[in-house]
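Here the structure is laid out as structure tokens; the discussion comes afterwards.
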Amino acid sequence: MIFFVNDTLLDKKSGIDQAVIKRMQLFERQNIAYTYVTRDWSQDLHHQLNALGVSDRRLLNMFDYYQQMIDIQPNKTFLPDLDFGLKNLRYIDEQNEDRFIVQRNDERLVARVNYQKEDQHVTSVERFDSAGNLYAIDFYNQRGFKSMTQWYTIDHQLRSEVWYTPEGLDVLHATYRQTSQETVEAIGWLLTTPNGQVYQFATITALFEHFVNAINELYPEFNTLILDSVTSADAAFTRLRKPAYTVLGVHNVHVTDTQEPATALLNENYEYALLNVAHFSNVLTTTPKQTADIVARFPDIKAATTIPAGYVTNEQHQRPQVKMNKREFGKMVAITNISPNSNLIDLLHVIKKVHNQIQSVTLDIYGYADYVNNYAEEIKIRQAIINLELEEVVQLKGHVDHLQPVLENAQILVTTAHSSSFDLGLLAGLTNGVVPVAYAVDYAPNALITNDQNGCLVTHGDVDAMAEQIVYLLKHQRILQQFSNSAYETPSAYDEANVWQAWAQLMTIAKEEHQA
């Protein structure tokens with residue numbers, strides 16, 4: 001069995017999440033069996049993945065496994081199914097809040113029952129004691145079972161969490177302590193298996209290591225385990241109880257400075273895995289240059305493989321090309337999350353300089369905002385837009401699932417990121433004939449853009465040069481069209497068939513190692 005091992009799938013998906021989703025969709029299109037393994041509990045994980053075309057039979061979540069919620073039939077819960085242990089209760093439907101208020105006859109609050117708007121099936125129940133204090137919240141997963149209860153102290157601090165089987169047996173406990181006025185952390189996990197064995201773990205990482213070993217041993221064949229989220233199980237992969245073909249997936253830049261890959265500090269997320277790389281069967285990256293850099297720095301690597309994180313389908317190749325004169329003149333887009341690495345301050349200064357010469361230019365930025373420090377980066381970017389008087393020029397569009405119409409209308413895609421491993425937005429732009437102008441950094445821009453053919457590369461940090469290049473292209477639409485024609489001719493390395501062939505070759509190597 002092939003396992004793709006991750007921690008979670010974020011609601012606001014990172015570039016890594018998007019790459020993992022693309023790969024799962026590729027395996028689905030090829031009808032090749034795999035299992036997507038996740039660590040963290042999520043109330044709507046199945047719903048999210050089903051919407052992306054990933055079936056439940058491909059998903060194995062740690063909590064589902066220990067809660068014995070594999071291959072179960074949906075069973076929605078409604079208000080009449082709930083038991084509050086009291087008689088003569090009053091029910092008030094607050095439709096604007098998507099919830100029922102449950103009260104005693106004297107109007108004291110018993111519970112708030114939150115529901116899905118479409119059919120009012122229960123998603124969670126907040127329970128209150130006779131003095132009106134919240135003491136517990138029951139969560140119901142998308143398949144209708146009470147999955148987890150959070151228990152609270154009298155001062156409203158999370159005390160513990162308990163997870164249940166569909167029959168209501170508690171099988172997992174997490175105990176919490178308050179670390180600051182606003183945060184708590186888990187200080188212990190207790191697992192009870194179906195055969196009655198009890199295990200205790202200090203961290204969820206230790207619990208997940210136990211789980212990874214359990215599923216590896218569950219399948220008698222020689223498994224292939226591909227680690228997508230290094231911080232979730234990097235240590236676990238180095239000490240499996242049963243041998244497996246282990247692949248370290250490097251989805252991000254592995255060093256803090258890609259200009260000095262041999263000496264720069266390691267990205268802390270990859271540090272443990274790379275320093276223990278001899279314990280992995282293979283290292284998987286998304287560009288040839290990153291593969292070469294890692295191999296050069298870590299001589300203990302057993303094998304290294306390059307497979308692009310994205311691909312171009314035959315359907316995308318067959319779409320009619322949109323000429324530049326059919327697009328909005330001066331429309332530029334950036335497809336990037338609002339984070340420090342995206343370096344959007346530089347981009348705003350570029351656009352300011354371009355706008356001073358061509359008044360009709362506009363820039364739309366598509367991507368999630370980084371939530372770190374209460375969305376500090378987004379706040380900074382919005383203030384910079386005001387300071388530079390670009391309110392009518394630059395728009396933050398947020399995340400959009402379907403960018404096809406956007407890319408067919410734009411003329412130029414811009415990126416000023418400090419570094420990038422593989423850029424799905426850049427590949428999508430090229431696939432749709434949008435001409436990229438980017439800082440010449442490793443790894444994605446230098447891998448995907450051929451300067452003065454399908455786009456333009458400028459020296460990292462040279463705001464003036466980038467602005468001049470954009471102005472030149474907009475004023476020379478014939479050259480812009482030539483670049484667009486080349487952009488449509490995406491290198492064959494990114495064709496779906498070739499990307500799949502690379503995956504098939506990796507699986508063959510894993511099989512041959514087992515047979516050796």
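Details
- Whichever residue in region 317-334 is outside any loop (DSSP other than H, G, I, E, B) and surrounded by fewer than 16 Cβ atoms within 10 Å (Cβ to Cβ) and, among such residues, is farthest from the chain's Cα centre (by Cα): Asn325
- Residues satisfying the criterion are absent from region 86-93 (criterion: assigned by TED's automatic domain parsing to the domain that holds Lys117, out of contact with any strand residue (DSSP E or B) (no Cβ under 7 Å at 6 or more places or on another chain) and part of a helix (DSSP H, G or I)).
Yes/no per residue for (1) within 35 Å of the chain's Cα centre (by Cα); (2) touching a residue at least 12 places away in the same chain (Cβ under 8 Å):
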| residue | (1), (2) |
| --- | --- |
| Leu86 | no, yes |
| Arg99 | yes, yes |
| Asp106 | no, no |
| Asn114 | yes, yes |
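- Test: residue in region 401-417 that is within 21 Å of Ala467 (Cβ to Cβ), under 20 Å from the mean Cα position of the chain (by Cα) and not hydroxyl-bearing (Ser, Thr, Tyr): yes
- Within region 11-39, the set of residues being surrounded by 15 or more Cβ atoms within 10 Å (Cβ to Cβ), under 22 Å from Ala369 (Cα atoms) and free of Cβ contacts under 8 Å to residues at least 40 places away in the same chain comprises Asp17, Ile21.
- Exactly one residue out of Ile449, Ile509 is out of contact with any Ser or Thr (no Cβ under 9 Å at 6 or more places or on another chain) and not hydroxyl-bearing (Ser, Thr, Tyr): that is Ile449.
- Set side by side, the residues Gln505, Gln481, Gln469, Gln515 differ, and just one is among the polar types (S, T, N, Q) and under 28 Å from the mean Cα position of the chain (by Cα), which is Gln505.
- Among the candidates Thr305, Thr291, Thr263, Thr246, the residue that is under 29 Å from Thr459 (Cβ atoms), surrounded by 15 or more Cβ atoms within 10 Å (Cβ to Cβ), among the β-branched types (Val, Ile, Thr) and modelled with pLDDT of 95 or more is uniquely Thr291.
- Segments classed as strands (runs of 3 or more DSSP E), wholly inside region 335-454, with at least 2 members that are β-branched (Val, Ile, Thr) and buried (at least 23 other Cβ atoms within 10 Å of the Cβ): 412-415, 435-439
This table checks each residue for (1) out of contact with any Pro (no Cβ under 8 Å at 6 or more places or on another chain); (2) without any contact (Cβ under 8 Å) to a residue 60 or more places away in the chain; (3) assigned by TED's automatic domain parsing to the domain that holds Ala467.
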| site | (1), (2), (3) |
| --- | --- |
| Lys289 | yes, no, no |
| Asp300 | yes, yes, no |
| Gly330 | yes, no, yes |
| Ala334 | yes, no, yes |
| Asn341 | yes, no, yes |
| Val350 | yes, no, yes |
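The values are calculated or read from the model by the stated rules, or taken from the named source; none is laboratory data. Bear in mind the structure is a predicted one, so any value in this text is a computation, not a measurement. Here Cβ is always computed from backbone atoms with ideal geometry, including for glycine, and neighbour counts include all displayed protein chains.
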